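What follows is a short report on a single structure.
The values are calculated or read from the model by the stated rules, or taken from the named source; none is laboratory data. Model, not experiment: these values are computed from the prediction. Positions of Cβ are backbone-derived with ideal geometry, glycine not excepted, and every protein chain shown enters the neighbour counts. The accessibility values were calculated without ligands, DNA or RNA, using every heavy atom of the protein model including side chains. Shrake-Rupley method; radii C 1.70, N 1.55, O 1.52, S 1.80 Å.
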Amino acid sequence: MDTASGTSDPVSGTSDPVSGTSDPVSGTSDAVDGVVDFVHRLRDAGAAVPPTRVHAMVQAMGELGGDSLDAVYWSGRFTLCASPEDIERYDRVFAAYFRGQRAPARMRAPAEPTYRLVAVPADPPDGAGSDTEEPPPQTLATASRMEILRHRDVAGLGTAERDEVHRLIGALAPAAPERLTRRLRRSASGPVDPQRTIRAILRHGGEPVELRHHRRSRRHRRLVFLIDVSGSMAPYADTFLRFAHAACRARPDTEVFTMGTRLTRVTRELRQREPGAALGAASAAIPDWSGGTRLGGETKEFLDRWGQRGTARGAVVVVASDGWERGDPGLLGAQMKRLRRLARRVVWVNPHRGRPGYVPRTGGMQAVLPYVDHLVAGHSLAAMEDLAGLLAAGARASSDEVVSRCVTS
């Protein structure tokens with residue numbers, strides 16, 4: 001031991017009068033006990049030291065002899081440290097344990113804040129003072145209020161609540177499912193592309209170096225909306241138009257028509273990005289807002305002017321209406337049969353479908369049921385979210401299945 005250095009010899013086990021610490025590694029058992037005690041201090045400083053590293057340090061001390069403090073230091077440095085941060089901790093703890101120097105306290109990372117829903121006091125009623133005897137009523141937090149608002153009928157919402165629902169509907173991105181096209185595109189796998197493969201062979205002097213592949217590309221099907229804006233649909237027509245506007249923003253090839261006493265195409269107006277401007281332009285373009293309804297005649301006009309020529313071919317057609325038909329229900333049924341032949345899927349959205357015990361008893365709904373793939377609700381934000389998921393995925397249903405679901409519901 002070097003008596004001038006003011007440190008204790010790790011082998012002799014004597015105490016240094018300067019440091020005042022005894023040697024923890026004198027002899028084989030004392031060496032192991034000293035290493036274990038030192039490792040406990042190192043773990044308290046934040047280092048992750050598994051038992052295998054402790055055993056490796058004891059073996060390293062046996063190889064180096066353990067007759068000097070430098071041998072103990074480097075034995076632990078090579079075996080106990082797994083990162084640069086561990087080296088800094090190791091030096092501090094080693095200096096405090098073997099040399100008697102004071103090591104700074106371990107710095108703990110601040111705990112991440114946690115958030116929870118709480119009840120907040122409601123605004124006091126007008127004229128109520130702060131010295132009332134009864135405590136103010138409690139209302140649910142914002143997240144709970146939004147969950148309740150998602151399932152409320154939009155026809156019974158106030159102005160502020162309706163604006164909030166419309167804002168959330170505008171954040172949706174309704175899109176129809178994809179379909180395979182005839183256009184081929186390059187691919188890493190799939191059928192061999194003979195033309196590109198032959199050109200690659202010619203570029204390499206006739207050597208078949210690599211096979212080139214292709215596959216059929218995919219694209220979204222067109223979405224077509226037929227929205228009833230008659231008087232019976234007045235509480236819901238604006239919500240359906242906002243849903244259609246969200247679809248136009250997601251897929252520019254979406255087509256939107258309104259049906260009342262006449263058919264109006266509002267696709268161009270709803271292609272504006274800003275919801276307020278788009279809805280304002282659409283409202284100005286609709287001459288029969290909250291008027292009568294001629295669903296059969298307007299559906300026939302749509303098929304004659306647009307649907308038969310390609311707008312409805314292979315598309316997903318969404319009809320938003322309560323099914324109140326002032327004209328001949330037989331005409332509506334015949335036109336829906338035509339539409340079913342052209343479209344990939346026909347989805348009928350009835351806001352009354354979400355009411356408990358709903359049964360489609362009107363003549364219009366009875367006429368269209370055999371020719372729709374899905375009859376869904378459209379009275380709330382949650383129903384609109386379900387509709388967006390249904391449009392993006394889902395198979396075509398048989399007419400018998402639709403009828404049976406409606407009768408048993």
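All but one of (1) free of Cβ contacts under 8 Å to residues at least 40 places away in the same chain; (2) outside any helix (DSSP H, G or I); (3) open to solvent by 10 Å² or more (accessible area, probe 1.4 Å) hold for residue 359, so report the exception by its number.
Just one mismatch for residue 359, condition (1).
Among residues belonging to region 228-277 that are free of Cβ contacts under 8 Å to residues at least 12 places away in the same chain and outside any helix (DSSP H, G or I), point out the one that is farthest from the chain's Cα centre (by Cα).
272
For region 286-294, state whether one or more residues are open to solvent by 40 Å² or more (accessible area, probe 1.4 Å), hydroxyl-bearing (Ser, Thr, Tyr) and in contact (Cβ under 8 Å) with a residue 24 or more places away in the chain. Don't jump to the end; show me each part of the working.
First, pick out the residues of region 286-294 that are open to solvent by 40 Å² or more (accessible area, probe 1.4 Å): 287, 289-290, 294.
Within this subset, residues satisfying the condition of being hydroxyl-bearing (Ser, Thr, Tyr) are 290.
Add one more test, that the residue is in contact (Cβ under 8 Å) with a residue 24 or more places away in the chain, and what stays is 290.
Checked region 286-294: at least one residue is open to solvent by 40 Å² or more (accessible area, probe 1.4 Å), hydroxyl-bearing (Ser, Thr, Tyr) and in contact (Cβ under 8 Å) with a residue 24 or more places away in the chain.
Which residues, counting only those in region 193-207, are among the aliphatic types (A, V, I, L, M) and surrounded by 11 or more Cβ atoms within 10 Å (Cβ to Cβ)?
Step one: list which residues in region 193-207 are among the aliphatic types (A, V, I, L, M), which gives 198, 200-202.
Listed by number, the residues that qualify are 198, 200, 201.
Please tell me if residue 47 is open to solvent by less than 70 Å² (accessible area, probe 1.4 Å), modelled with pLDDT of 50 or more, of a type in the set (A, V, I, L, M) and part of a loop (DSSP other than H, G, I, E, B).
On the way: open to solvent by less than 70 Å² (accessible area, probe 1.4 Å): yes; modelled with pLDDT of 50 or more: yes; of a type in the set (A, V, I, L, M): yes; part of a loop (DSSP other than H, G, I, E, B): yes.
The answer is yes for residue 47.
Residues of region 231-246 being out of contact with any Phe, Trp or Tyr (no Cβ under 7 Å at 6 or more places or on another chain) and not charged (D, E, K, R), which ones?
Looking only at region 231-246, we keep the residues that are out of contact with any Phe, Trp or Tyr (no Cβ under 7 Å at 6 or more places or on another chain), and these are 231, 233-243, 245-246.
Answer for region 231-246, where residues must be out of contact with any Phe, Trp or Tyr (no Cβ under 7 Å at 6 or more places or on another chain) and not charged (D, E, K, R): 231, 233, 234, 235, 236, 237, 239, 240, 241, 243, 245, 246.
So residue 151 passes all but one of these: (1) modelled with pLDDT of 90 or more; (2) open to solvent by 90 Å² or more (accessible area, probe 1.4 Å); (3) out of contact with any Ser or Thr (no Cβ under 9 Å at 6 or more places or on another chain). Which condition number does it fail?
So the condition that residue 151 fails would be (3).
Which of the following residues is within 35 Å of the chain's Cα centre (by Cα), open to solvent by less than 90 Å² (accessible area, probe 1.4 Å), charged (D, E, K, R) and modelled with pLDDT of 80 or more: 162, 92? Steps first, please.
Values: 92 fails: within 35 Å of the chain's Cα centre (by Cα).
Matching residue, one of 162, 92: 162.
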